[in-house]
Structure formats: structure tokens, C-alpha cells
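Chemist: Structure incoming, see below.
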Amino acid sequence: MAKYTGSVCRLCRREGTKLYLKGDRCYSDKCAIDRRPTAPGQHGQRRRKASEYGLQLREKQKARRIYGVLEKQFERYYVQAERMKGITGENLLQLLERRLDNVVYRLGFASSRAQARQFVLHGHITVNGRRVDIPSYLVDEGDVIAVKESSASKMESFKALREGTDKVVVPWLQVDYDKLEATVSALPTREDIDVPIQEHLIVELYSR
């Protein structure tokens, strides 16, 4: 499967905002967008007025890059969101938030969504007691997400979590760091999702 293998800091610079793709580095003075806030490339310093289509496209690309989703997969999420009851844009963000790799990141079990995706792929995460190694797995209300016991006892990153974390967990997840276990207490609403995305622009793009 195709995936982006270039510098992720270029993606933040291209979108003109922090996408928090590199975990702790994004909060430090080494963050690329703080040091070079212009777009990457030879003509990055030029300021161009974006067209309506350009604004819509950038918003879609921003959402894709934040959640680490490929183009075709993102389109499938949009089609699914469109078929659901409610507001399409909010449904889309809810589906993206419910991805297992995003939930692992939201719980503070990983410092970035990329690391969370790796933890899931390597089989360190369980859902309702069963190992799930599919990052796009959609959690549901009542699901119990946990770090596999053998991984929790061997890996330093998980051991450190039991000693305490300052990670602020979203309100739709209830977590016990002593057990490295969490419950999906409710499905996320738009108020619970803090990503800097104007979802109505994405809907307008796909409605063209």
C-alpha cells in the first residue's frame, strides 16, 4: 500500500499550521513551522490568494494528514459519513476520531498518531480482550481498549505511563493508567474534537 515517506514537517509547513505529526518535537523549539513558517519549496515565500477550490482542497488535505489517511480511504469515510444520519461533516470527523490508532493517541498511550499506528500494527493493543492489529478499526461505545499485558510489562514507553502522565484525555474516553485500560464511554461529538478543521469546506469539495 502506498504511503508518504517524506519529511512530515514539510506537511505542516505546506498546510501553514501545526498538525502535531511528530509528537513531543511539535511542542519544542525544534518545530519546523515555528522556525520556517513559509510553505516548502522554491516559491514557498510567495503569498497567493487561494481560490475557493484551493481552500476546500487544503482543508481536505489537512484532515487527511492529521489522521494519516490515504486518499481513497478518506473518500470511503466521506461516503460512509454521507449515508449516516446527522451532519455529514461532523459524521466524517467522528469516523476519523473513532479509528483505533487515533484512540490510542488520544489516550496518551502514544506520543503521535504515527507511533499509535505502529503500536496497533505490532499487536500491542487489544479491544474487548482481543488483539486488534488494524489501525482503521472503528471503536464503538462500550468498547474496552487496553495495552496487551506482555507489552505493558516489557516496553519502557508503557511502563512510564503507569508512573503518571500529564496527557489530557478527551471526555468520551475513560482511562485507568494503572491498568493501561480505557473505555469508550460515548461516541465523540463535534465539541469533543479539537482538530483545526473546517469540515464544511470538505463537504463542499466533495459536493462539487
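Read the figures in this text as sums done on the coordinates, not as results from a lab. Not measured: the values here are computed from a predicted model. Note that each Cβ is placed from the backbone with ideal geometry, even for glycine, and that neighbours are counted across all protein chains shown.
Chemist: Suppose the filter is more than 30 Å from Leu55 (Cβ to Cβ) and either charged (D, E, K, R) or touching a Lys or Arg at 6+ places or on another chain (Cβ under 7 Å) (or both); does Glu199 pass it?
Modeler: no
Chemist: If only one of Gly108, Gly86 is under 27 Å from Leu161 (Cα atoms), over 11 Å from the mean Cα position of the chain (by Cα) and not in a helix (DSSP H, G or I), which one is it?
Modeler: Just one listed residue meets the conditions, Gly108.
Residue-by-condition table, conditions (1) at positive phi; (2) crowded, with 17+ Cβ neighbours inside 10 Å; (3) outside any strand (DSSP E or B); (4) not charged (D, E, K, R):
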residue	(1), (2), (3), (4)
Val120	no, yes, yes, yes
Gly123	yes, no, yes, yes
Ala152	no, yes, yes, yes
Leu187	no, no, yes, yes
Glu191	no, no, yes, no
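Chemist: Scanning segment 161-205 for residues that are among the polar types (S, T, N, Q) and touching a strand residue (DSSP E or B) at 6+ places or on another chain (Cβ under 7 Å), which turns out farthest from Tyr105 (Cα to Cα)?
Modeler: This residue is Ser185.
Chemist: So Gly86 passes all but one of these: (1) in contact (Cβ under 8 Å) with a residue 12 or more places away in the chain; (2) within 30 Å of Leu205 (Cβ to Cβ); (3) among the small types (Gly, Ala, Ser). Which condition number does it fail?
Modeler: (1)
Chemist: I've got another one for you. β-branched (Val, Ile, Thr) and either more than 19 Å from the chain's Cα centre (by Cα) or crowded, with 17+ Cβ neighbours inside 10 Å (or both): is that true of Ile134 in this structure?
Modeler: no
Chemist: In segment 113-161, which residues are small (Gly, Ala, Ser) and within 25 Å of Arg76 (Cβ to Cβ)?
Modeler: Answer for segment 113-161, where residues must be small (Gly, Ala, Ser) and within 25 Å of Arg76 (Cβ to Cβ): Ala114, Ala116, Gly123, Ser136, Gly142.
Chemist: Filter segment 168-199 down to the residues that are touching a helix residue (DSSP H, G or I) at 6+ places or on another chain (Cβ under 7 Å) and either acidic (Asp, Glu) or farther than 17 Å from Arg65 by Cα (or both) and list them by number.
Modeler: Val169, Val170, Pro171, Trp172, Leu173, Tyr177, Asp178, Leu180, Leu187, Pro188, Arg190, Glu199
Chemist: I would also like to ask the following. Please go through segment 154-173 and give me each residue that is in a loop (DSSP other than H, G, I, E, B) and not aromatic (Phe, Trp, Tyr), ordered by number.
Modeler: Correct list: Met155, Glu163, Gly164, Thr165, Asp166, Lys167, Val168, Val169, Val170, Pro171.
Chemist: Restricting to segment 174-185, give me the number of residues that are outside any loop (DSSP other than H, G, I, E, B) and surrounded by 18 or more Cβ atoms within 10 Å (Cβ to Cβ).
Modeler: The total comes to 3.
Chemist: For segment 125-150, give me each residue that is part of a loop (DSSP other than H, G, I, E, B), farther than 23 Å from Val195 by Cα and among the small types (Gly, Ala, Ser).
Modeler: Within segment 125-150, Gly129, Gly142 qualify.
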